[in-house]
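Structure, as structure tokens:
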Amino acid sequence: MEVTLIRQINYQTMNKTLPKLLRRTAFVFGVMGALISSEDTFAQKKKKKDDSKPAAAAPATPARPQNGGNNNGPKPYKEVITNKAKTKDGLFKVHEIEGKYFYEIQDSLMGRDMLMVVRIAKTADGIGYGGENTNNLMVRWEKNNDDVLLKVVSVNNYAADSLPISLAVKASNLEPILQKFAIKSKGTDSTGTVIEVTDLFSKDNQALGLQRNRRTQYKVSRLDTDRSYISHINSYPINIESRYVLTYAAAEPPSNSATGLITLEMNASMILLPKEPMMQRLADRRVGWFARSYVDYGADEQKASSRRYLDRWRLEVKPEDMEKFKRGELVEPVKPIVYYIDPATPKKWVPYLKQGVEDWQKAFEAAGFKNAIIAKEAPSPEEDPTWSPEDARYSVIRYFASDIQNAYGPHVSDPRSGEIIESDIGWYHNVMNLLRNWFFIQTAAVNPDARSVKFDDEVMGRLIRFVSAHEVGHTLGLPHNFASSHAYPVEKLRDAAFTKEMGTAPSIMDYARFNYIAQPEDKGVSLMPDVGPYDKYAIAWGYRPIPEASTPEEELATLNQWILDKKGDPVYRYGRQGNSYDPTTQSEDLGDNSMKASEYGIKNLQRIVPNLIEWTAEADKPYKDYADLNEMYGQVIGQFNRYMGHVRTHVGGVMEVYKSSGQNEAVYTHNSKEMQKSAVDFLNKQLFATPSWLMDESIIARIGDFGALERIRGIQVGTLNGILEWGRLGRVIENEAINGNDAYKITELFDDLRKGIWTELSSGRSIDVHRRALQRAHIERLELLLTGNEPNLPAQFRAFAGPQINASQSDIRPMALGELKTLRTQIRGAIGRTSDRMSKLHLEEAVDRINKILAEYSGE
């Protein structure tokens with residue numbers, strides 16, 4: 001989940017980045033010829049007058065160095081594949097002979113589209129994680145005289161072969177040659193070709209090894225071939241799995257720096273794609289879906305048109321059941337989606353992982369299918385000695401013995417059609433620690449089951465089921481939907497009947513963790529989301545067959561109507577991840593009002609803090625230290641900081657609600673003046689006025705000798721700087737320019753912040769240590785706004801960040817200048833009213849700071 005829980009691996013951008021990858025990683029290995037002269041060895045009778053002349057030299061014949069050193073062309077099969085060969089049958093026959101590997105490729109597979117998926121299997125500390133995808137390439141094997149070429153096939157540009165423009169597309173997209181192989185022999189029945197592939201995996205081929213950016217980061221100079229080797233290559237009916245170890249010489253390795261080396265174990269999966277691609281289903285940004293795209297030069301458009309289509313499994317109605325399906329009856333698909341549970345999984349968690357998979361049954365029922373998704377335990381070696389989690393015919397929830405707190409849900413899909421071929425969900429053992437921490441901090445105030453550092457198996461099992469369902473959702477094609485958690489009114493999340501029926505969010509694909517809004521008196525309220533109404537709607541939209549349509553274009557009218565049927569209902573809205581200015585699409589939030597929701601959340605944290613020492617102790621372990629107390633106190637601080645972030649986003653907020661042109665409605669709407677002002681008032685009250693309840697002396701005395709003040713200061717300053725951030729202020733200014741007096745103006749924002757941060761100036765009260773630090777930070781931020789500029793992002797990030805404001809030509813500079821002058825006047829007037837010595841010294845120093853800033857800026 002980021003992917004997952006934390007981190008989500010996304011194949012959606014593959015088609016956008018593939019051309020760059022190909023330019024970087026395509027290696028064309030040309031034939032290096034060496035001229036060899038030879039003397040005529042045939043004695044010939046010649047006339048005497050010619051005997052004195054030297055014999056004519058035979059034409060020089062270029063030698064053809066081949067992979068594996070074969071310079072004499074193909075040899076008999078038994079001379080190449082000797083009786084020492086260890087052979088594995090599958091997609092290709094794979095022969096291993098004394099550390100060298102050979103493929104025996106049938107002629108019928110030459111020219112077939114295959115997908116090469118490259119992942120890190122085992123990693124050096126500091127370089128990604130096991131299971132991380134590093135490259136995806138569509139490839140073809142092709143014969144060329146006495147060679148076989150492994151070509152990378154472009155999927156970025158397309159035109160149907162029947163159109164004249166297809167010739168231009170092909171001429172502009174010459175397929176790079178990843179590697180060339182000499183043909184060693186014909187296959188046993190003369191319908192195959194034998195090549196040696198050892199160098200493909202044991203030599204430096206960037207497409208299959210360490211990525212360019214990491215080579216640059218760690219200053220990699222070369223691949224050390226003496227320390228690189230193939231671990232194994234296994235063949236299965238539709239895929240070849242190659243496991244190989246690569247060792248690089250690096251000037252700055254991320255770990256074990258004294259060695260000057262980086263060693264990684266990589267895995268390259270080569271998967272046969274269907275001969276006939278599945279029919280695409282065209283994407284619509286109003287419904288969240290992992291999608292891919294290419295430029296369709298054959299489209300009837302007066303521009304190069306991008307075509308986007310969904311990643312989804314091939315779920316088809318059996319021909320004999322089509323009439324039942326049309327009548328609205330549930331039918332079983334031709335081939336269901338099946339997930340196997342890794343045999344390495346602890347037995348007590350297997351049922352919960354399976355339940356997480358099958359929780360999606362009800363979503364597929366909305367698409368017209370029953371028994372469409374099934375979970376099974378992997379067969380034992382006795383039951384099926386050929387079963388392997390590496391076999392691409394099987395999708396597996398892989399269990400990793402790792403201290404990484406994560407889980408991820410990737411999938412492998414056909415770039416031609418979007419058909420998902422298989423998926424291996426990565427499940428790290430230590431994700432349980434992450435779940436424990438979240439559930440403890442967000443629910444312990446109302447939930448006795450969460451008041452411990454070790455939950456009962458049933459409680460942890462339910463949490464595992466929740467995460468399993470989330471990750472399976474990714475593998476079905478669904479990305480995070482961050483608008484989901486905003487759909488329900490805050491007060492409804494305290495209602496037991498409502499939450500039992502609707503869950504705590506309409507989608508399990510949001511980062512709506514657990515119900516931190518529920519209060520102790522809200523008996524029976526649900527505490528976590530489930531596969532919800534949005535999930536059922538999205539699965540139906542992506543998977544429900546439309547029998548009357550024979551092309552993707554013919555489906556569009558029906559797909560559009562399904563969306564319009566839910567028009568205006570926030571339950572069925574999709575909001576993308578990563579929009580940091582939309583208060584309605586936030587991570588880890590709940591409810592339709594961040595101020596109300598966060599106020600309830602803070603009340604629960606205030607209930608938890610006095611009990612932390614007791615709830616983190618274990619009666620049967622009186623000898624343990626305070627590590628759990630320290631971790632959970634850190635979780636309290638982190639959760640409080642999340643609440644502040646949720647509220648801060650309302651300032652300068654702009655809602656993004658996707659619409660089609662046919663709806664004739666606005667996509668972007670500025671947050672109301674009332675909501676923005678409410679957010680600043682909340683922060684002044686809950687954060688900028690020192691949250692002293694977080695400074696629990698009994699906890700602090702047990703967990704560290706220093707740092708408590710810094711934790712609070714970090715949240716205060718981080719939130720303040722986040723409000724007075726270039727992009728946010730730019731949106732505040734633009735809102736006023738468009739909406740006039742209905743907007744929350746930049747002058748009002750600066751006034752409200754100053755009044756909240758410098759409250760003591762009018763009363764002469766003493767200023768505590770937290771407030772003094774905050775006030776200095778306020779001056780420093782105003783200085784930055786007066787003299788600095790928005791960081792100039794590298795070109796590759798500008799498209800993601802959006803437009804940048806020109807600070808020197810905006811209202812930001814004069815606003816900051818005016819604030820500093822106003823502050824100086826108010827501080828000077830307050831010094832005489834302040835009796836506390838430290839407060840007086842602080843104010844005097846603040847005036848000096850402002851004087852220096854203004855002097856440097858304008859020469860005052």
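Can you compute the charge dipole magnitude of region 315-573 about its Cα centre, using +1 on each Lys and Arg Cβ and -1 on each Asp and Glu Cβ, nothing else charged? Give it in debye, rounded to the nearest 20.
Details: 29 positive and 40 negative charges, 169 e Å.
Dipole magnitude for region 315-573 comes out near 820 debye.
Karplus-based coupling profile of region 218-232, in residue order and whole Hz: 9, 6, 6, 9, 6, 8, 8, 5, 5, 10, 10, 6, 8, 7, 6, with θ = phi - 60° in 6.51 cos²θ - 1.76 cosθ + 1.60 and x standing for Gly or Pro. Which entries of K86/K354; K318/K659; K151/K362; K88/K122 show an alpha-carbon separation above 32 angstrom in the structure shown? Distance filter (> 32 Å) returns K86/K354; K318/K659; K151/K362. Measuring between their Cα centroids, region 305-343 and region 585-605 lie 38 Å from each other.
For the chain, count the residues as N, evaluate 2.2 N^0.38 Å, and divide the Cα radius of gyration by that value, please.
Numbers: Rg = 32.6 Å, N = 860, 2.2 N^0.38 = 28.7 Å.
After normalising by residue count via 2.2 N^0.38 Å, the value is 1.14.
Ordering I517, I183 from the fewest to the most neighbouring beta carbons within 10 Å gives I183, I517.
A Förster distance of 30 Å, applied to the separation of the beta-carbon atoms of K492 and Q606, puts the FRET efficiency at 0.85. Under 5 Å between amide hydrogens, built in the peptide plane, is the criterion, and for N406 it picks out Y428, N430, V431 among residues at least 5 positions away or on other chains. Shape analysis of region 582-720 places it in the prolate category; the axes a ≥ b ≥ c from the Cα gyration tensor give an a/c of at least 1.5, with a/b above b/c. Remark: region 207-351 carries a charge dipole of roughly 400 debye about the Cα centre, counting +1 on each Lys and Arg Cβ and -1 on each Asp and Glu Cβ.
Within 10 Å of each residue's Cβ, count the other Cβ atoms and sort F498, F466 from fewest upward.
Working: F498 17, F466 24.
Listing F498, F466 from fewest to most nearby Cβ atoms yields F498, F466.
For a label point 7 Å from the Cα of E332 along Cα→C-beta, name the residues of region 343-370 whose backbone N is under 11 Å from it. The answer is 370, whose backbone nitrogens lie closer than 11 Å to the label point. Per the Debye calculation on region 80-140 with a single equal scatterer at every Cα and no solvent contribution, log₁₀ I(q)/I(0) for q = 0.21, 0.29 Å⁻¹ amounts to -0.93, -1.07.
Restricting to DSSP loop positions (anything but H, G, I, E, B) with no more than 12 other Cβ atoms inside 10 Å of their own Cβ, which trypsin sites (Lys or Arg not before Pro) remain in region 308-357? Write out the running numbers ahead of the final one.
Values: sites: R308, R312, R314, K324, K326, R327, K347, K348, K354; in loops: R314, R327.
Counting only loop positions with at most 12 other Cβ atoms within 10 Å, the trypsin sites (Lys or Arg not before Pro) in region 308-357 are R327.
This ranking places T263, T443 by how few other beta-carbon atoms lie within 10 Å of each, fewest first, which gives T263, T443.
The orientation-averaged projection of the convex hull spanning the C-alpha atoms of region 614-666 amounts to 6.7 square nanometres. Mind checking which lysines have their C-alpha under 27 Å from K624, skipping anything on the same chain fewer than 8 residues away? Candidates past the 8-residue exclusion: K348, K454.
Distant-in-sequence amide contacts of I373, defined by a placed amide H-H separation under 5 Å and a gap of 5 or more residues or a different chain, comprise I337. Using θ = phi - 60° in the Karplus curve 6.51 cos²θ - 1.76 cosθ + 1.60, the 3J(HN,Hα) couplings for region 419-428 round to 5, 6, 8, 6, 8, 10, 6, x, 10, 8 Hz; x is entered for Gly and Pro.
Report Rg(Cα)/(2.2 N^0.38 Å) for region 591-644, keeping two decimals. Each step should come with its number before you reach the end.
On the way: Rg = 13.8 Å, N = 54, 2.2 N^0.38 = 10.0 Å.
Scaled against compact globular proteins, the figure is 1.37.
Determine the shape class of region 417-522: with a ≥ b ≥ c the square roots of the Cα gyration tensor eigenvalues, call it rounded for a/c under 1.5, and otherwise prolate if a/b is greater than b/c, oblate otherwise. Note, shape of region 417-522 comes out oblate.
Hydrodynamic analysis of region 315-573 uses the Kirkwood radius over alpha carbon pairs. Inserted into Stokes-Einstein at 37 °C and 0.692 mPa s, it gives a translational diffusion coefficient of 166 µm²/s.
No value in this document is a laboratory result; all are computed from the given coordinates. The structure displayed is predicted, hence computed values, not measured ones. Methodologically, a virtual Cβ is constructed for each residue, glycine included, from the backbone with ideal geometry; neighbour enumeration extends over all protein chains shown.
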